[in-house]
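Below is one structure; the comments refer to it alone.
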Amino acid sequence: MEYFLTEQQKTLKSLAHRIAEERILPVRAELDEKEQFPKEILKELADSDLFRIFIPEKYDGLGGGTLDLCLVVEELSRVCSAVAVSFAATALGAYAIILYGSEEQKQKYLPQIASGKIAAFGLTESNAGSDASGIQTTAVKTPEGYILNGTKQFITNGGEADIYTIVALTDKTKGPRGASAFIVEKDAPGFTFGKKEKKIGIRASATRELVFRNCLVPAENLISREGMGFIVTMKVLDNSRPGISAQALGIAQGAMEAAVGYTSQRIQFGQPLISLPVVQYKLAEMALQVEAARALVYAVAKTIDSGVKSFTEESAMAKVFASDVAMKVTVDAVQVCGGAGYMRDYPLEKMMRDAKITQIYEGSNEVLHNAIAIELRKRKGKRE
Amino acid sequence: MNVIVCLKQVPGTTEVKIDPNTNTLIRQGIKAIVNPFDSYALEEGVRLKEKHGGKVTAISMGPPQAADMLKDAISVGADEAVLLSDMAFAGSDTLATAAALGKAVEKIKNYDLIICGRQTIDGDTGQVGPELAENLGIPFIAYVSKIEEIGNGKIRVQRAVEDGHETIEASLPAVITVAKEINVPRMPSLRGLSKSKSAQIPTWTANDIDAPKETIGQAGSGTWVVKVFYPQRIQHAEMLKGEPEVQAKALIEKLKEAKMI
């Protein structure tokens, strides 16, 4: 399929492909087995300027768009989605500053991220996830700055990131309208890390609790203004969600390739498995799902890059569709590879484990169906 | 710290085929790559530049398409690159290659260190580095696995020898050849790739570097390839029969006959 990528996009896609093949592939099974955060690989990605693609040129970035980020995430995820999400979560952590940060905040933090500092975004709590209005972490303004108290959970890059954007309530009486976003540095006094989660998949990525006990954050680290936290969050997630779609797409692509590879070699009934009609049908089904997902993910990324103001619906569609494809394709890929697909010596079981989270995080597919339906109702309302 | 790194483009395969009529490598259909040992040399040069300042100049002698390899060198941190390409260089052995490289180095001037890979994976001679040092009349150290210190007109390096490590000091400028233990070459960066795309690689001919005709190409070569052939593959097996004791005795007899024991 011809997606009319620019020269720059082709270059960064092939660079990400090469790094994935040469540096990530040899270690992905070990990273997964040991649940080891891929610090050195992320440094290599940064040294290759890949952290710069989502940062504006003015702040030492390369000013790339959503599609640029998606192409890199897809290529990394094709080999290891745990590495891909650790990379993408830095973009997630940076988006609040890129979209809503003050000039001073941008000048201070974006060049650091561009050169390889890892970032993270902290929203989820034990009582707040898809329902962001359940946030209980508080931020109280004092003459010294804001004092944060509360615990965030399931935070990707938690403990590994240097720069965090955290959503906390500055006014408990106002619900979501009382939420505000802050930049918190790793060494802020009163900021510690709780338990590291053990997960089914993306095991090399770090998922950890962030604990704030009277954590002092300078007043100038408030993003936008008090009460904007919910809007910042929604906009950040609209922007970052295509990255998760690309992660799902990469997993599906990797699984399809592995399935084609194995079934071409495995001889049963005197012929390679791929010669059997039942296997061919499944592989063809994978190919058409993967390509349909790619067409949608790229189209949504290009829509965002065209400068449209609202893209909640498109962003949700790409994420839901691609993640469902990733789950289905990986399950089918394990199935056509039989026993080998189930074994840890082969990459497919990991891909199947990794796929599941893409249906869950950055807005569960259920809550995103809801978001799409809301847009449908809004449009119907406008027509009447 | 100005560093010159010598690179060679080699066939990216372990299955080298030879044209029996011309005694040369069949390069068609085989992707050319940078000699892997040379990529360690380049990486070390770039690291020295990053630490001490200065610039890295990559040079290569080869056909015009070797310019692509020099562009790749720019994508991983070389500042400049020069290609020596001229029919007058054709048929050069290591002696003639080192003569041409030496003249090019003299033209580049202002250098503190020249780094080469320990050998190429096609010719495998490991001679060009030392011959280059000889031509330039400067010190040479082979198989360097670590640069311990460099500066104030001196370089101190480690190199692996059979029963340990040697630490060697030499005055600068000098030529070193590096082993793969020295570093892990980096991936290109996006900014490097964009720089390499627009980079112009100057091509120098024999005239440009004032290389006397008798020192380069076939005329300057001390060796000629007379014949290239595949080793004959002889497969011959004799199966011993009988009980293990009988077979063992028979085997001992055979080995004695062959004067192997």
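The values are calculated or read from the model by the stated rules, or taken from the named source; none is laboratory data. Model, not experiment: these values are computed from the prediction. Here the Cβ positions follow ideal geometry from the backbone for every residue, glycine too, while neighbour counts run over all protein chains shown. The area values use the complete protein model at the heavy-atom level, side chains included, leaving out ligands, DNA and RNA. Shrake-Rupley method; radii C 1.70, N 1.55, O 1.52, S 1.80 Å.
Looking for whichever is more than 11 Å from chain B (Cβ to nearest Cβ) and either in contact with a Ser or Thr (Cβ under 8 Å, 6 or more places away or on another chain) or buried (at least 16 other Cβ atoms within 10 Å of the Cβ) (or both) here; the options are A:Leu31, A:Leu15, A:Leu50, A:Leu45. Which one fits?
Just a single option satisfies the conditions, and that option is A:Leu31.
One line per residue, one yes/no per condition, for (1) farther than 14 Å from A:Ala91 by Cβ; (2) without any contact (Cβ under 8 Å) to a residue 40 or more places away in the chain; (3) among the aromatic types (Phe, Trp, Tyr); (4) open to solvent by less than 70 Å² (accessible area, probe 1.4 Å):
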site	(1), (2), (3), (4)
A:Met1	yes, no, no, no
A:Phe4	yes, yes, yes, no
A:Gly61	no, no, no, yes
A:Thr66	no, no, no, yes
Options A:Arg241, A:Arg208: the member that is closer than 30 Å to A:Thr170 by Cα, touching an Asp or Glu at 6+ places or on another chain (Cβ under 8 Å), outside the structural domain of A:Val167 (by TED's automatic domain parsing) and of a type in the set (D, E, K, R): A:Arg241
Filter result for B:Ile114 (in contact with a Pro (Cβ under 6 Å, 6 or more places away or on another chain), open to solvent by less than 70 Å² (accessible area, probe 1.4 Å) and modelled with pLDDT of 95 or more): no
Unmet criterion (only one of (1) modelled with pLDDT under 95; (2) buried (at least 21 other Cβ atoms within 10 Å of the Cβ); (3) more than 15 Å from the chain's Cα centre (by Cα)) for B:Leu84: (1)
Failed item, numbered, when A:Ser86 is tested on (1) in contact (Cβ under 8 Å) with a residue 60 or more places away in the chain; (2) open to solvent by 10 Å² or more (accessible area, probe 1.4 Å); (3) part of a helix (DSSP H, G or I): (2)
Members of segment A:56-68 that are more than 12 Å from chain B (Cβ to nearest Cβ), in a loop (DSSP other than H, G, I, E, B) and modelled with pLDDT of 95 or more: A:Pro56
Test result for A:Gly116, open to solvent by 10 Å² or more (accessible area, probe 1.4 Å) and within 14 Å of chain B (Cβ to nearest Cβ): yes
Selection within segment B:55-107 - more than 26 Å from A:Ser48 (Cβ to Cβ), in a helix (DSSP H, G or I) and touching a Lys or Arg at 6+ places or on another chain (Cβ under 9 Å): B:Ala88, B:Thr97
Looking only at segment B:137-148, and only at residues there that are in contact with a Lys or Arg (Cβ under 7 Å, 6 or more places away or on another chain) and farther than 16 Å from B:Gly45 by Cβ, the one that is surrounded by the fewest Cβ atoms within 10 Å (Cβ to Cβ): B:Glu148
Single match in A:Glu40, A:Glu21 (criterion: free of Cβ contacts under 8 Å to residues at least 12 places away in the same chain, within 14 Å of chain B (Cβ to nearest Cβ) and part of a helix (DSSP H, G or I)): A:Glu40
Residue ranges of strands (runs of 3 or more DSSP E) in segment A:178-276 with at least 2 members open to solvent by less than 10 Å² (accessible area, probe 1.4 Å): A:179-185, A:207-217
Single condition A:Ala114 does not satisfy, out of (1) under 18 Å from the mean Cα position of the chain (by Cα); (2) under 16 Å from A:Glu362 (Cα atoms): (2)
Only one of A:Gln253, A:Gln265, A:Gln289 that is free of Cβ contacts under 8 Å to residues at least 12 places away in the same chain and either over 25 Å from the mean Cα position of the chain (by Cα) or within 27 Å of A:Gly201 (Cα to Cα) (or both): A:Gln265
Qualifying residue in segment A:119-129 (condition: within 14 Å of chain B (Cβ to nearest Cβ), farther than 26 Å from A:Lys309 by Cα and assigned to a loop (DSSP other than H, G, I, E, B)): no
